[in-house]
Amino acid sequence: MKLFIDRLMYIATDCGFFLLGRNMSIPLYRVKLAVALGLLLISAVDARLTQARELTIYVAPQEQKSGTGLKPAEPVGSLAEALRAAKANMAEDVTGVTVQVASGTYKGQRLRLNGTPGDVPFHLQADPKASSRPKFDGGGKGVWFVLKSTKHDTSPVRISGLEVFNYVSAVSLSGQRKSEDLWNGGNEITDNVFAKIGQGNAKSRPATAAVSLVNSRNNKVVGNTFKDIRNVKDCNLLHAIYIAHYSANNIISDNVFDGGCGAAIKVRDASHANKIVRNKFVNQQAEAFQDSFCDKSRSSMCTKSTAECPSWDTVFENNTMAKLPKMQAFSASAGKAPIKQPKLTVVKGQAQPPGCPTPPGQPRRIKSLENKYVD
């Protein structure tokens, strides 16, 4: 910017006129006036860029009345209050919202976003100075965090450094299941602990995911721990990460999956080119990865009005799963007969069901490389 302004001033002072064409010129005073007006415009734009700012809302466990949330010494006491504070303080110069959570335990809290506040990136994170992870205890009920998009949503959500436990489901990132073009994406879920997620009462509806992606793309789920992801009943329906309905190009890497009875990671219905690498699977009663979909030509149970289709070009690489002895010990400790060693990957369904487009080239459902069982 400075170099550009200096160049304009040089032109204005050292040139007596500008040739606009043959036999046409502009006196120096007019050149200086034009340059001055240009500088005013540049200054206005530069000031607007300089004033762009991140809005930070502070959250801490509260026994007394909450503050404004705008200062560490005046935190709000819940995620719902943080969302209200973000909306109340939204302005044109805000380029992102960070909700910074202090250490402590937060009970029964949930947050639902219908798009991010102000349509800017939204970061929900642990306080960098926190002595321990902030903990969210759901008491066995509900979904902790929901992002629901009704349009093509390009403002991402980032969730990092938190512990979420005792919820039916932890995180749901959802575009529109019925419209392939209405998706959200670019979200990041990193360095979190999700524990004891699932249906807690056999009479309630079975949970299907700890982290659910529905028409959500280009996301990163990296460096998290998923521990004891189980339903009381129909446990095979529950997955630590469920990638469904056009959720493509996601990266699932460097996570630990410790304890589960459904496929740890599942892709479904035209969720293409997902990359699943360097994850560790222990104490799993089912396969590490499953690719399946509801085929309307073979089942009357499908709920989607249009055809569900195979997912293509999944990469499953450099993942490890605990060997059978650990699985036997786990099964015996639960008072059940020893179970067979789960497979690493399972792919189900015909390649070209009715109503599904022919994939270009010669794709594969899954490319599995350098995966292994370990002690």
Query raised in the report: Hey, among the residues in region 160-216 that are out of contact with any His (no Cβ under 7 Å at 6 or more places or on another chain) and charged (D, E, K, R), which one's nearest to Asp258 (Cα to Cα)?
Result: Lys196
Query - Subset of region 275-321 that is touching a helix residue (DSSP H, G or I) at 6+ places or on another chain (Cβ under 9 Å) and part of a loop (DSSP other than H, G, I, E, B) - its residue that is most open to solvent (accessible area, probe 1.4 Å) - result: Gln285
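This table checks each residue for (1) closer than 17 Å to Gly161 by Cβ; (2) over 22 Å from the mean Cα position of the chain (by Cα); (3) open to solvent by 70 Å² or more (accessible area, probe 1.4 Å).
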{"position": "Pro61", "(1), (2), (3)": "yes, yes, no"}
{"position": "Pro72", "(1), (2), (3)": "yes, yes, yes"}
{"position": "Ser78", "(1), (2), (3)": "no, no, no"}
{"position": "Ala85", "(1), (2), (3)": "no, yes, no"}
{"position": "Thr95", "(1), (2), (3)": "no, no, yes"}
{"position": "Val101", "(1), (2), (3)": "yes, no, no"}
Query - Tabulated pairs, region 230-246, first touching a residue at least 12 places away in the same chain (Cβ under 8 Å) and among the basic types (Lys, Arg), second open to solvent by less than 30 Å² (accessible area, probe 1.4 Å) and part of a loop (DSSP other than H, G, I, E, B), C-beta under 6 angstrom, 6+ apart or interchain - result: Arg230/Gly198; Arg230/Cys261
Query raised in the report: If a residue has to be over 18 Å from Asp153 (Cβ atoms) and open to solvent by less than 50 Å² (accessible area, probe 1.4 Å) to count, how many in region 109-140 make the cut?
Result: 10
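State yes or no: is Ser174 over 19 Å from the mean Cα position of the chain (by Cα), under 20 Å from Asn114 (Cβ atoms) and among the small types (Gly, Ala, Ser)? Write out each step before concluding.
On the way: over 19 Å from the mean Cα position of the chain (by Cα): no; under 20 Å from Asn114 (Cβ atoms): yes; among the small types (Gly, Ala, Ser): yes.
So Ser174 fails the test.
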Query raised in the report: Out of region 344-375, which residues are under 29 Å from Gly260 (Cβ atoms), outside any strand (DSSP E or B) and either in contact with an Asp or Glu (Cβ under 8 Å, 6 or more places away or on another chain) or not small (Gly, Ala, Ser) (or both)?
Result: Leu344, Lys348, Gly349, Gln350, Pro353, Pro363, Arg364, Arg365, Glu370, Asn371, Asp375
Report task. Could you figure out which of (1) under 13 Å from the mean Cα position of the chain (by Cα); (2) β-branched (Val, Ile, Thr); (3) open to solvent by less than 20 Å² (accessible area, probe 1.4 Å) isn't true of Thr190? Result -> (3)
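Identify, from the list Ser149, Ser131, Ser103, the residue that is of a type outside the set (A, V, I, L, M) and within 30 Å of Glu180 (Cα to Cα). Spell out how you get there, then give the answer.
Numbers: Ser131 fails: within 30 Å of Glu180 (Cα to Cα); Ser103 fails: within 30 Å of Glu180 (Cα to Cα).
Just one listed residue meets the conditions, Ser149.
Name the one entry in Ile243, Ile252, Ile197, Ile229 that is buried (at least 24 other Cβ atoms within 10 Å of the Cβ), in contact with a Gly (Cβ under 7 Å, 6 or more places away or on another chain) and of a type in the set (Val, Ile, Thr).
Sole residue among the options that is buried (at least 24 other Cβ atoms within 10 Å of the Cβ), in contact with a Gly (Cβ under 7 Å, 6 or more places away or on another chain) and of a type in the set (Val, Ile, Thr): Ile229.
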**Report entry** Yes/no for Glu180 being of a type outside the set (Gly, Ala, Ser), open to solvent by 10 Å² or more (accessible area, probe 1.4 Å) and at pLDDT 95 or above
**Finding:** no
Query raised in the report: So, of the residues in region 144-156 that are surrounded by fewer than 24 Cβ atoms within 10 Å (Cβ to Cβ) and under 14 Å from the mean Cα position of the chain (by Cα), which turns out to be farthest from Arg112 (Cα to Cα)?
Result: Thr154
Query raised in the report: Pick from region 127-156 the residues that are of a type in the set (D, E, K, R) and assigned to a loop (DSSP other than H, G, I, E, B): which of them is farthest from Val76 (Cα to Cα)?
Result: Lys151
Requested in this report: Kindly check whether there is at least one residue in region 94-111 that is in contact with a strand residue (DSSP E or B) (Cβ under 6 Å, 6 or more places away or on another chain) and modelled with pLDDT under 95.
Outcome: no
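The values are calculated or read from the model by the stated rules, or taken from the named source; none is laboratory data. Predicted, not measured: the structure shown is a model, and the values here were computed from it. As a convention, Cβ positions derive from the backbone with ideal geometry for all residues, glycine included, and neighbour counts pool all protein chains shown. In case anyone asks, the SASA skips ligands and DNA or RNA and just uses the protein heavy atoms, side chains included. Shrake-Rupley method; radii C 1.70, N 1.55, O 1.52, S 1.80 Å.
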